[in-house]
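Asker: One structure is given below, represented as C-alpha cells, and several questions about it will come after.
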Amino acid sequence: MNKSVNLYIVVPCYNEEEVLNETSRQMLELFDKMKKAELINNKSRIVFVDDGSKDRTWNIIDTLAREHTEIAGIKLAHNAGHQNALFGGLMTVKDQCDCAISIDADLQDDINVIPEMVRKYKDGCDVVYGVRNRRDTDTFFKRTTAVMFYKLMRVMGVNIVFNHADYRLMSRRAIEALSEFEERNMFLRGMVPLVGYRSSCVYYDRNERFAGESKYPLKKMLSFAFDGITSFSISPIRMISAFGAIVCVIAVVMAVYALIEKLLGNTGAGWASLMMSIWFIGGVQLLSVGLIGEYIGKMYKEVKRRPRFIVEAYVNDGDES
Ligand code: UDP
Ligand code: MG
C-alpha cells in the first residue's frame with residue numbers, strides 16, 4: 001500500500017478557547033510535512049468537535065475552518081462528555097476517511113508520533129494505540145491514581161492497554177466495527193480492544209497541558225473510572241457471591257463454637273441460638289443477593305447488544321476480486 005492516506009484527526013474540545021489556535025497551528029504544520037512526504041493526501045482533515053462549550057471555542061473553530069480548508073468543525077448541541085464527543089466525531093468522519101486519529105485538544109499527547117501511526121496503518125495495522133512512556137509531567141496524584149485504575153481494571157478482567165488514553169489511530173473498518181457497539185455508557189478504551197483486528201503501539205512522552213485547566217476534575221475522573229468498571233465487568237457482583245460463601249463457612253465455624261461454648265456451660269440463655277442465626281442469615285442473604293446479581297449481570301450483557309462477532313477477512317467467498 002504505497003498510496004497516500006486520507007487521514008482525519010478528530011479533536012474533542014470543551015471550553016478550549018485558550019489552546020485551539022496553538023493546537024491547530026501545530027497540527028497544520030505537521031499536516032504540511034506529512035503531505036510533502038506523501039504520507040497523507042490533500043483530502044485529509046483536522047476535525048474539531050465542540051462538545052457544547054460555554055466559551056468562544058465554536059467561534060474559533062468556525063474562523064479556523066474558514067481560513068484553512070484542512071480544518072473542519074462539528075458542534076454538538078450540548079455537553080455530551082468527552083467519550084460521546086469523540087465517538088460522535090469518529091462516526092461522522094468514518095465514511096470519508098481511510099483512517100482517523102483521536103487526540104485531545106490540549107497537546108498533552110505528542111503529535112509528532114502521528115506519522116509513525118500512519119506508517120503502521122500503512123503496514124496493515126487497524127488500530128494503533130498511543131502509549132505514554134513517562135508520566136512525570138502529570139501530578140503525583142494523577143499518576144498514582146491512574147496506575148491504580150489500570151491495575152484495578154485488569155483485576156476486574158477488563159482488557160485495556162496500559163498507559164493508553166484516547167490517543168489512537170483507527171482504520172475505517174475498525175471504526176465501522178466500533179459503530180456496532182450500541183451501548184450508551186461509553187468507555188472507548190475498553191471497547192476498542194474488543195474490536196479485535198491487528199493492533200500496534202507507538203510510544204511518546206506526555207507533555208503538560210500548555211494552557212487552560214484540566215476538564216477532568218477529581219469528581220469526573222472518579223465517575224469515569226467507576227463507569228469504566230461497571231460498563232465492562234460483572235466482577236463486583238461475583239465478589240458479593242464469594243463474600244456470601246465465605247460468610248456461610250464462617251457461620252458453620254461459629255455454630256460449632258457456639259455449641260461447644262453452650263455444652264461447656266459458658267453461655268447465657270439465648271446466646272448460642274442468636275449467634276448461629278445471625279451468621280447463618282447473613283451468609284444466606286449475601287449469597288441470594290449474589291445470585292440475583294448473576295441474573296442482572298446476564299441482562300446487562302444482553303441489553304448492551306454488543307456485536308457477537310466481527311469479521312476480520314474473507315477468502316474465496318466469491319465476492320473478492
Ligand atoms: N473534553 C470534552 N468534553 C468534556 C470534557 C473534556 O470534549 O466534557 C475534551 C477536552 O476538551 C480535551 C479532552 O476532552 O480535549 C481531554 O480533557 P482534558 O485534557 O481536560 O483531560 P486530562 O488530560 O486532564 O485528563
Ligand atoms: Mg489533557
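The values are calculated or read from the model by the stated rules, or taken from the named source; none is laboratory data. Keep in mind that what you see is a predicted model, and the values were worked out from it rather than measured. Ideal geometry is used to build each Cβ from the backbone, glycine not excepted, and the neighbour counts take in all protein chains shown. We work out accessible area using only protein heavy atoms, side chains counted, and drop any ligands, DNA or RNA first. Shrake-Rupley method; radii C 1.70, N 1.55, O 1.52, S 1.80 Å.
Asker: Has segment 287-300 got any residue that is farther than 30 Å from residue 182 by Cα and either in contact with a Cys (Cβ under 6 Å, 6 or more places away or on another chain) or part of a helix (DSSP H, G or I) (or both)? Talk me through it step by step, then tell me what you get.
Answerer: First, the residues of segment 287-300 that are farther than 30 Å from residue 182 by Cα: 287-288.
Checking which are either in contact with a Cys (Cβ under 6 Å, 6 or more places away or on another chain) or part of a helix (DSSP H, G or I) (or both) leaves us with 287-288.
Within segment 287-300, one or more residues are farther than 30 Å from residue 182 by Cα and either in contact with a Cys (Cβ under 6 Å, 6 or more places away or on another chain) or part of a helix (DSSP H, G or I) (or both).
Asker: Consider residue 209 carefully, then state whether it is under 28 Å from residue 24 (Cα atoms), of a type outside the set (S, T, N, Q) and either part of a loop (DSSP other than H, G, I, E, B) or away from ligand 1 (no atom under 14 Å from the Cβ) (or both). Quick ask: steps written out before the conclusion?
Answerer: Numbers: under 28 Å from residue 24 (Cα atoms): yes; of a type outside the set (S, T, N, Q): yes; either part of a loop (DSSP other than H, G, I, E, B) or away from ligand 1 (no atom under 14 Å from the Cβ) (or both): yes.
Judged against the criteria, residue 209 is a match.
Asker: Working only within segment 1-22, note down all residues that are near ligand 1 (Cβ under 9 Å from one of its atoms) and closer than 19 Å to residue 110 by Cα.
Answerer: We begin by selecting, within segment 1-22, every residue near ligand 1 (Cβ under 9 Å from one of its atoms); these are 11-16, 19.
Within segment 1-22, 11, 12, 13, 16, 19 meet the criteria.
Asker: Restricting attention to segment 115-149, report how many residues are under 20 Å from the mean Cα position of the chain (by Cα) and within 13 Å of residue 39 (Cα to Cα).
Answerer: 1
Asker: Another question, if that's okay. With the condition kept exactly as written, say whether any residue in segment 55-73 is under 24 Å from residue 186 (Cβ atoms), basic (Lys, Arg) and either open to solvent by 30 Å² or more (accessible area, probe 1.4 Å) or touching a Pro at 6+ places or on another chain (Cβ under 7 Å) (or both).
Answerer: no
Asker: Continuing with the same structure: Among the numbered criteria (1) away from ligand 2 (no atom under 16 Å from the Cβ); (2) of a type outside the set (Val, Ile, Thr); (3) open to solvent by 20 Å² or more (accessible area, probe 1.4 Å), which single criterion is violated by residue 220?
Answerer: Condition not satisfied by residue 220: (1).
Asker: Looking at residue 197, is it closer than 23 Å to residue 141 by Cα and of a type in the set (Ser, Thr, Tyr)?
Answerer: On the way: closer than 23 Å to residue 141 by Cα: no; of a type in the set (Ser, Thr, Tyr): yes.
So residue 197 fails the test.
Asker: For the structure I just gave you, tell me whether residue 43 is of a type in the set (Lys, Arg), more than 20 Å from residue 116 (Cβ to Cβ), more than 11 Å from ligand 1 (Cβ to nearest atom) and crowded, with 18+ Cβ neighbours inside 10 Å.
Answerer: Details: of a type in the set (Lys, Arg): yes; more than 20 Å from residue 116 (Cβ to Cβ): yes; more than 11 Å from ligand 1 (Cβ to nearest atom): yes; crowded, with 18+ Cβ neighbours inside 10 Å: no.
The answer is no for residue 43.
Asker: Residue under question is residue 49, and the condition is that it be aliphatic (A, V, I, L, M) and either surrounded by fewer than 16 Cβ atoms within 10 Å (Cβ to Cβ) or within 16 Å of ligand 1 (Cβ to nearest atom) (or both); does it hold? Before the answer, list the steps.
Answerer: On the way: aliphatic (A, V, I, L, M): yes; either surrounded by fewer than 16 Cβ atoms within 10 Å (Cβ to Cβ) or within 16 Å of ligand 1 (Cβ to nearest atom) (or both): yes.
It is true that residue 49 is aliphatic (A, V, I, L, M) and either surrounded by fewer than 16 Cβ atoms within 10 Å (Cβ to Cβ) or within 16 Å of ligand 1 (Cβ to nearest atom) (or both).
Asker: Would you confirm whether any residue within segment 172-195 is surrounded by 17 or more Cβ atoms within 10 Å (Cβ to Cβ), of a type in the set (Lys, Arg) and more than 25 Å from residue 115 (Cβ to Cβ)?
Answerer: Looking for residues that are surrounded by 17 or more Cβ atoms within 10 Å (Cβ to Cβ), of a type in the set (Lys, Arg) and more than 25 Å from residue 115 (Cβ to Cβ), one finds none in segment 172-195, hence no.
Asker: Can you give me the ranges of the helices (runs of 4 or more DSSP H) entirely in segment 1-98 with at least 3 residues that are of a type in the set (Asp, Glu) and more than 21 Å from residue 192 (Cα to Cα)? Can you show your working first?
Answerer: Values: elements: 20-36, 57-67, 82-93.
Here the list reads 20-36.
Asker: Let me ask something else about it. Take the residues of segment 101-160 that are charged (D, E, K, R) and away from ligand 2 (no atom under 16 Å from the Cβ): which is nearest to residue 194 (Cα to Cα)? Spell out the reasoning first.
Answerer: First, the residues of segment 101-160 that are charged (D, E, K, R): 104, 106, 109-110, 116, 119-120, 122-123, 126, 132, 134-136, 138, 142-143, 151, 154.
The next check asks that each one be away from ligand 2 (no atom under 16 Å from the Cβ); those that pass are 116, 119-120, 122-123, 126, 151, 154.
Numbers: 116: 23, 119: 23, 120: 20, 122: 22, 123: 21, 126: 13, 151: 18, 154: 14 Å.
Among residues in segment 101-160 that are charged (D, E, K, R) and away from ligand 2 (no atom under 16 Å from the Cβ), the one nearest to residue 194 (Cα to Cα) is 126.
Asker: Further question: For the list (1) within 16 Å of ligand 1 (Cβ to nearest atom); (2) surrounded by 14 or more Cβ atoms within 10 Å (Cβ to Cβ); (3) assigned to a helix (DSSP H, G or I), I need the number of the one condition that residue 237 fails.
Answerer: Every condition holds for residue 237 apart from (1).
Asker: Among all residue pairs at least 6 apart or on different chains, which show Cβ distances below 6 Å where the first residue, located in segment 16-27, is farther than 11 Å from residue 46 by Cβ and the second is surrounded by fewer than 21 Cβ atoms within 10 Å (Cβ to Cβ)?
Answerer: As it stands, the answer is 17/55; 17/56; 18/211; 18/212; 19/211; 19/212, since those pairs meet every condition given.
Asker: Please go through segment 115-162 and pick out each residue that is open to solvent by less than 30 Å² (accessible area, probe 1.4 Å), within 20 Å of residue 12 (Cβ to Cβ) and part of a loop (DSSP other than H, G, I, E, B).
Answerer: 138, 160
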